[in-house]
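Heads up, the thing below is written out as structure tokens.
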Amino acid sequence: MIRALVFDFDGLIIDTETPLIDAWAALHERAGRAYSRADAHRLVGHVEIDFDPWAAFGPAADRAALETEHRRLSRELTARQPILPGVLACLQEARARGLKLAVASNSSHEHVDRHLTRLGLRQLFDLACCREDVAAGKPAPDLYYLVMRRLGVAPPEAVAFEDSTAGTLAARTAGLWTVAVPNPSTHAHDFASAHLVLPSLADMPLARLLDRFAAAGNGAQKSARG
């Protein structure tokens, strides 16, 4: 039986990743500097990766000023982003079914809690675990181990929704049923770790998804018994 759903935040509940990349692109364009979106896309879903967004500006650039303007512009663009398709309906139905709900994010509590509150979603979740809560972020499974422990749920009793390679690998390694929902910044990611890939959360009713994983779990138990 599925008892809990765990959601990534950035790129899964709202698309905060495209605004981040668009803000970098805008600042490069203003300055007439070359910019590679492909390099920026490699950063999505990771917390520890070698990426210098200001390399094209040279060693003399005022990086502090660039970072300040990037934060301002990316926040402005993010504030316009809607909740992604199917997310609210999925959360509401899960609540009606009595399922436990959590967020597992590589972002900070300040970032996640602020946006969840702004979107009116915070009260739907039992808890949120973020990057500062664990020693290693995704693709390490630490966040999912922590969420499972705090919810009091076994990994095979939970479904994780992720939008990146790092996220799906983290959830699958922790033993959760894993659904990948790519966004415009992650559509080219490798989702081999996911049990299921959906174009959006609006593309499969929650009841059908739960039945699918419940049946798969029953089948695995029967195989184990021989």
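How many of the residues in segment 9-37 are assigned to a helix (DSSP H, G or I), small (Gly, Ala, Ser) and within 23 Å of the chain's Cα centre (by Cα)?
2
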Next on the checklist: Please go through (1) within 25 Å of His187 (Cα to Cα); (2) more than 17 Å from the chain's Cα centre (by Cα) for Val153 and return the number of the only condition it doesn't satisfy.
Outcome noted: (1)
Next on the checklist: If a residue must be within 15 Å of the chain's Cα centre (by Cα), in a helix (DSSP H, G or I) and hydroxyl-bearing (Ser, Thr, Tyr), how many such residues does segment 162-189 contain?
Outcome noted: 2
Checklist entry - Looking at Ala207, Ala192, which one is part of a loop (DSSP other than H, G, I, E, B) and more than 15 Å from the chain's Cα centre (by Cα)? => result Ala192
Checklist outcome for this item: Listed by first then second residue, the pairs whose first member lies in segment 192-218 and is more than 18 Å from Arg97 (Cα to Cα), whose partner is at pLDDT below 95 and β-branched (Val, Ile, Thr), with beta carbons under 9 Å and at least 6 positions apart or on separate chains, are Ala192/Thr165; Ser193/Thr165
Item to check | For Phe191: the one exception among (1) farther than 15 Å from Ile2 by Cβ; (2) surrounded by fewer than 21 Cβ atoms within 10 Å (Cβ to Cβ) | outcome: (2)
Next on the checklist: Please go through segment 82-106 and give me each residue that is more than 14 Å from Tyr144 (Cα to Cα), within 17 Å of the chain's Cα centre (by Cα) and not aliphatic (A, V, I, L, M), ordered by number.
Outcome noted: Pro82, Pro85, Gly86, Cys90
Checklist entry - Ala160: surrounded by 15 or more Cβ atoms within 10 Å (Cβ to Cβ), over 13 Å from Met1 (Cα atoms) and out of contact with any strand residue (DSSP E or B) (no Cβ under 9 Å at 6 or more places or on another chain), yes or no? => result no
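For the subset of segment 114-172 comprising residues that are hydroxyl-bearing (Ser, Thr, Tyr) and in contact (Cβ under 8 Å) with a residue 24 or more places away in the chain, which member is nearest to Leu206 (Cα to Cα)? Don't jump to the end; show me each part of the working.
Taking segment 114-172 and keeping what is hydroxyl-bearing (Ser, Thr, Tyr), we get 117, 144-145, 164-165, 168.
If we keep only those that are in contact (Cβ under 8 Å) with a residue 24 or more places away in the chain too, we end up with 144-145, 164-165, 168.
Working: Tyr144: 21, Tyr145: 23, Ser164: 21, Thr165: 23, Thr168: 19 Å.
Residue satisfying both the conditions and the ranking: Thr168.
Identify, from the list Val112, Val134, the residue that is over 24 Å from Leu209 (Cα atoms), touching a helix residue (DSSP H, G or I) at 6+ places or on another chain (Cβ under 8 Å) and not polar (S, T, N, Q).
Val134
Residues are listed down the side, and each one gets a yes or a no for (1) of a type in the set (Gly, Ala, Ser); (2) crowded, with 23+ Cβ neighbours inside 10 Å; (3) over 16 Å from Leu84 (Cβ atoms); (4) not assigned by TED's automatic domain parsing to the domain that holds Ala94:
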position	(1), (2), (3), (4)
Val134	no, no, yes, no
Lys138	no, yes, yes, no
Ala171	yes, yes, yes, no
Leu198	no, no, no, no
Ala207	yes, no, yes, no
Phe213	no, no, yes, no
Gly217	yes, no, yes, no
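Step by step: first the residues of segment 113-160, then only those that are part of a strand (DSSP E or B) and in contact with a Leu (Cβ under 6 Å, 6 or more places away or on another chain), then the one that is farthest from Thr78 (Cα to Cα). Which residue is that?
Here the residue is Ala158.
Every residue, every condition in (1) modelled with pLDDT of 95 or more; (2) under 30 Å from Glu157 (Cβ atoms); (3) surrounded by 12 or more Cβ atoms within 10 Å (Cβ to Cβ), yes or no:
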| site | (1), (2), (3) |
| --- | --- |
| Ile49 | no, no, no |
| Ala56 | no, no, yes |
| Pro59 | no, no, no |
| Leu84 | yes, yes, yes |
| Gln92 | yes, yes, yes |
| Leu99 | yes, yes, yes |
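The values are calculated or read from the model by the stated rules, or taken from the named source; none is laboratory data. Since the structure is predicted, the reported quantities are computational estimates derived from the model, not experimental observations. Neighbour counts are summed over all protein chains in view; Cβ atoms, including those assigned to glycine, are modelled from backbone coordinates with ideal geometry.
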